[in-house]
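Q: Submitted below is the structure of interest, expressed as structure tokens.
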Amino acid sequence: MITLKDNKIYTSKEMDELGITKYKRNQMINNSKIKKVAYGKYSTINSIDSNYTIIANICPRGIYSYETALFLLGYSDRIPFVYDVTVPNGYNS
């Protein structure tokens, strides 16, 4: 039996390497063992996934900026309505 770590986001590739096929992933989602957090990204049902960790996992070279950065660094007490992320020029193009 394969055990997945809580509070970790797995990619489809990582799940395949663990021997969890697409069919098995769909069964696990239907049985509430894992949840799909984004396209090709999965986590255990007990994981506490914030939008910040999901965005950081989807865009690993991105840097939170502007109001989002101020909030995360503790310089603002307002939760950002929109997440500001800066990526390198030409990234993913």
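The values are calculated or read from the model by the stated rules, or taken from the named source; none is laboratory data. Since we're looking at a predicted model, the values are computed, not measured. When we count neighbours, we look across all protein chains shown, and the Cβ atoms used for this are built from the backbone with ideal geometry, even at glycine. Accessible surface areas use protein heavy atoms only, side chains included; no ligands, DNA or RNA. Shrake-Rupley method; radii C 1.70, N 1.55, O 1.52, S 1.80 Å.
Q: Mind checking which pairs have a first residue in segment 47-60 that is under 20 Å from L4 (Cα atoms) and a second that is surrounded by 16 or more Cβ atoms within 10 Å (Cβ to Cβ), Cβ under 6 Å, 6 or more apart or different chains?
A: Final answer for the pair search is D49/V37; D49/S43; I54/V37; N57/I9.
Q: Sticking with this structure for a sec: In segment 48-93, which residues are touching a strand residue (DSSP E or B) at 6+ places or on another chain (Cβ under 8 Å), polar (S, T, N, Q) and either in a loop (DSSP other than H, G, I, E, B) or open to solvent by less than 50 Å² (accessible area, probe 1.4 Å) (or both)?
A: Once the filter is applied, which keeps residues that are touching a strand residue (DSSP E or B) at 6+ places or on another chain (Cβ under 8 Å), polar (S, T, N, Q) and either in a loop (DSSP other than H, G, I, E, B) or open to solvent by less than 50 Å² (accessible area, probe 1.4 Å) (or both), segment 48-93 yields S65, T68.
Q: Quick one: count up the residues across segment 19-35 that are open to solvent by 80 Å² or more (accessible area, probe 1.4 Å) and either closer than 17 Å to N57 by Cβ or more than 19 Å from the chain's Cα centre (by Cα) (or both).
A: 4
Q: Go through segment 19-37 and give me each residue that's of a type in the set (A, V, I, L, M, F, W, C) and modelled with pLDDT of 90 or more.
A: Pass one, segment 19-37, residues of a type in the set (A, V, I, L, M, F, W, C): 20, 28-29, 34, 37.
Passing the criteria: I20, M28, I29, I34.
Q: Also: Would you please list the contacts, defined by Cβ atoms under 6 Å and residues six or more apart or on different chains, that run from a residue in segment 8-34 that is part of a loop (DSSP other than H, G, I, E, B) to a residue that is open to solvent by less than 50 Å² (accessible area, probe 1.4 Å)?
A: Between residues of segment 8-34 that are part of a loop (DSSP other than H, G, I, E, B) and residues that are open to solvent by less than 50 Å² (accessible area, probe 1.4 Å), the close pairs are I9/K41; I9/S43.
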